[in-house]
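Working notes for the structure below.
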Amino acid sequence: MAVPDFQTSIKESAAAATPKARPAAESDAVTPGLPGDEDGPLYASRRKVYPQHVKGTFRRIKWIVLLVTLGIYYGLPFVRWDRGPFAPNQAVLVDFPGRRFYFFFIELWPQEVYYFTGLLILAAMALFLMNAVAGRIWCGYLCPQTVWTDLFQAIERWVEGDRREHLQRDRGPWSVERIARAGLKHFLWLMVAWWTGGAWVLYFADAPTLVRDLATFQAPLIAYLWIGILTFTTYTLAGHMREQVCVYMCPWPRIQAALTDEYALNVTYRYDRGEPRGSVKKSAALREQGKPAGDCIDCYQCVYVCPTGIDIRDGANLGCIQCGLCIDACDDVMAKIGRPSRLIAYDTEMNVKCRQEGVQPIFRFVRARTLLYTAVITIVGAVMVYTLAMRQSEGINVIHDRNPMFVRLADGAIRNGFTVHILNKSVEPRRYALSVEGLEDKSIEVIGVLPDGFGVPIVEVEPDRTREVRVTVTTRQKLPPAATLPITFSIVDTADGSRARASDHFRGP
Ligand code: SF4
Ligand code: SF4
């Protein structure tokens, strides 16, 4: 069998993914060709996919990922984090009224929106890196569309039975039992969708309080509105649209196709081992005659379990989310017929070629692209950690009076006036000691603020506020003509000693 070039193969599949003709029973499981296929119709209506239950390693991994990710999503709003008396104690909270985003020990302010840019860059690079190493594992295991669709399919299987039973009932006439089962399924789907929307709004307010307010119909209207929107989208996307989101709506498969290469691990049908395919009997007979016979017995188990309804044996396909369930199904078949497992496996196209040429397979995880993605993740991550660790919760801005620039006092001293803005970005009130450096024999006065016992003005600033004060600085120092001396204003938090500085000039006659 000719070896298809991987890049070309996956790109071609974007334009033409029409499966080969199959017996009617099998074709129920196969997603039709994408509209625009030159050999097919411009529009093809969807054939419902009835994925069969499968047991195995990858199914187990998917269950674990599902439990962990959904557990985090539904449970995280109820996790508490002590930030003291002036801040909310919810570990993860988007606090719009307080203009804060809290994530455990990290607290972001509105002016720090660039951290979200950094997070987006990190997320994109992590996705690229995952793709370069192991294909679409994000799609197959972690994507919310995959996780919720998996959950909805599990509910469907529990209520409607596995593939065969569900198929038969759907082909039969409507009966009381069929209506009851369908009703129960949609009710359970709506409950999950409703709880999904409900969990989402809990990230925007104190979760226990909002739950109580929602239950007593005292929550704000916007909360009910968002729950309604997310209930609808979850129910529609995970219950009804399912694989169509991955095949038609999501841009990632197209981007992924452009980013992948022949060294990336992908769920691969090892056609070098599987072809020529045939029944167990036929293959055994061929082997007895010393003729080539593949391990694939054409049983379609890999197709029946596929959540997107594609046949991995047709080669790389945009519809394949790389979930690995066909590996479990085929391993089960191989065990039953006494052939080695992993006829379908996570493998690279390069290795299939190597095996065909009798060369030892190679795995190259360290490549230019993986190094590049890792370097970007490391640099952006390090910059974010450094700036987060070094950032200040206070700030000071100084504006020199324009008119007059200076005043000579009766005793010959020179006075300059300034407008000083002191920022308190924390969630508790702060007291700052204000001082000026760069002048000798000086005094500093803050209008309306009394100095402490040492003559240092102490400015109190409310939480999350900027306070503007008028400051005069006076010196008896002998100044040169037309003097412009650099000076530095400092504020020091009297509680924890954290400080901020701002530079300006002192002007003389
Ligand atoms: S499950 Fe394995 S043996 Fe059966 S059709 Fe698929 S690849 Fe062939
Ligand atoms: S072909 Fe296999 S890996 Fe791809 S989506 Fe279907 S079951 Fe998952």
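The values are calculated or read from the model by the stated rules, or taken from the named source; none is laboratory data. A quick note: this is a predicted structure, and the numbers were derived from the prediction, not measured. Here the Cβ is made from the backbone with ideal geometry for all residues, glycine too, and neighbour counts use every protein chain on show. With ligands, DNA and RNA removed, areas are computed over all heavy atoms of the protein, side chains included. Shrake-Rupley method; radii C 1.70, N 1.55, O 1.52, S 1.80 Å.
Decide, for the stretch 62-122, between rounded, prolate and oblate: order the square roots of the alpha carbon gyration tensor eigenvalues as a ≥ b ≥ c, take rounded if a/c falls under 1.5, and otherwise choose prolate if a/b is larger than b/c, else oblate. Please list the in-between numbers first.
Working: a/c = 2.85, a/b = 1.33, b/c = 2.15.
Oblate is the answer for the stretch 62-122, as a/c is 1.5 or above yet b/c matches or exceeds a/b.
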*Return, in residue-number order, each cysteine of the chain whose C-beta is not under 4.7 Å from any other cysteine's C-beta.*
Cys139, Cys143, Cys246, Cys250, Cys296, Cys299, Cys306, Cys320, Cys323, Cys330, Cys354
_Simple label model, 7 Å out from Cα along Cβ direction - Leu221 to Ala258, nm_ = 4.3 nm
*Dipole of the stretch 234-350 (Lys/Arg Cβ +1, Asp/Glu Cβ -1, origin at the Cα centre): which of Cys320, Gly309, Pro276 lies farthest to the positive side?*
Pro276
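So for the stretch 74-218, Kirkwood radius off the Cα pairs, Stokes-Einstein at 20 °C and 1.002 mPa s: how many µm² s⁻¹?
Numbers: Rh = 19.0 Å.
My calculation gives 113 µm²/s for D.
Of the chymotrypsin sites (Phe, Trp or Tyr not before Pro) in the stretch 141-241, which ones lie in a loop per DSSP and count no more than 10 other C-beta atoms within 10 Å? Show your work: numbers first, answer last.
On the way: sites: Tyr141, Trp148, Phe152, Trp158, Trp174, Phe187, Trp189, Trp194, Trp195, Trp200, Tyr203, Phe204, Phe217, Tyr224, Trp226, Phe232, Tyr235; in loops: Trp174, Phe217.
Hits after loop and neighbour filter: Trp174, Phe217.
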*Cut-off 17 Å, label 7 Å out along Cα→Cβ of Ser341, residues of the stretch 244-278 by amide N*: 267-270
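Assuming 0.36 nm per residue, please report the length gained on full extension of the stretch Ala154 to Trp63 beyond their Cα-Cα distance.
On the way: separation 91, 0.36 × 91 = 32.76 nm, distance 1.03 nm.
Taking Ala154 through Trp63 to full extension adds about 31.7 nm, to one decimal.
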*Average accessible area per residue (Å²) across the stretch 305-354 - probe 1.4 Å, nucleic acids and ligands excluded*: 26 Å²
_Quick check: residue separation of Val359 and Arg402 times 0.36 nm, minus the Cα distance between them. What number comes out in nm?_
7.4 nm
*Accessible surface, 1.4 Å probe, highest first, among residues Tyr304, Tyr43*: Tyr43, Tyr304
*Round to the nearest 0.05 the FRET efficiency obtained for Thr233 and Ala389 when R0 = 60 Å and r is the Cβ-Cβ distance.*
0.95
*asked:* Rolling a 1.4 Å sphere over the protein heavy atoms, what is the accessible area per residue of the stretch 382-483, to the nearest Å²?
replied: 58 Å²
*lysines within cross-link reach of Lys282: Cα-Cα under 23 Å, excluding same-chain residues under 8 positions apart?*
Lys20, Lys291, Lys336
*Along the Cα-to-Cβ line of Ala413, 7 Å from the Cα, sits a label point; which residues in the stretch 437-456 have backbone N less than 11 Å from it?*
441-445
*asked:* Using only the alpha-carbon atoms, what does the chain span along each of its principal axes? Please give whole angstrom values in decreasing order.
replied: 118, 61, 41
*Nearest 0.05, what FRET efficiency do Leu119 and Phe187 give at R0 = 41 Å with Cβ-Cβ as r?*
0.65
*In whole Å, how far is the Cα centre of the stretch 247-299 from that of the stretch 134-204?*
30 Å
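Pairs of Cα atoms under 8 Å, at least six residues apart: use those to get the relative contact order of the chain, whole percent. Intermediate values should be presented prior to the final figure.
Working: 820 pairs, mean separation 76.2, N = 509.
Computed value for the chain: 15 percent relative contact order.
Round to a whole number: what % of the accessible area of the stretch 168-247 belongs to carbon and sulfur, probe 1.4 Å?
Values: 3410 of 4520 Å².
Here carbon and sulfur together make up 75 percent of the probe-accessible area.
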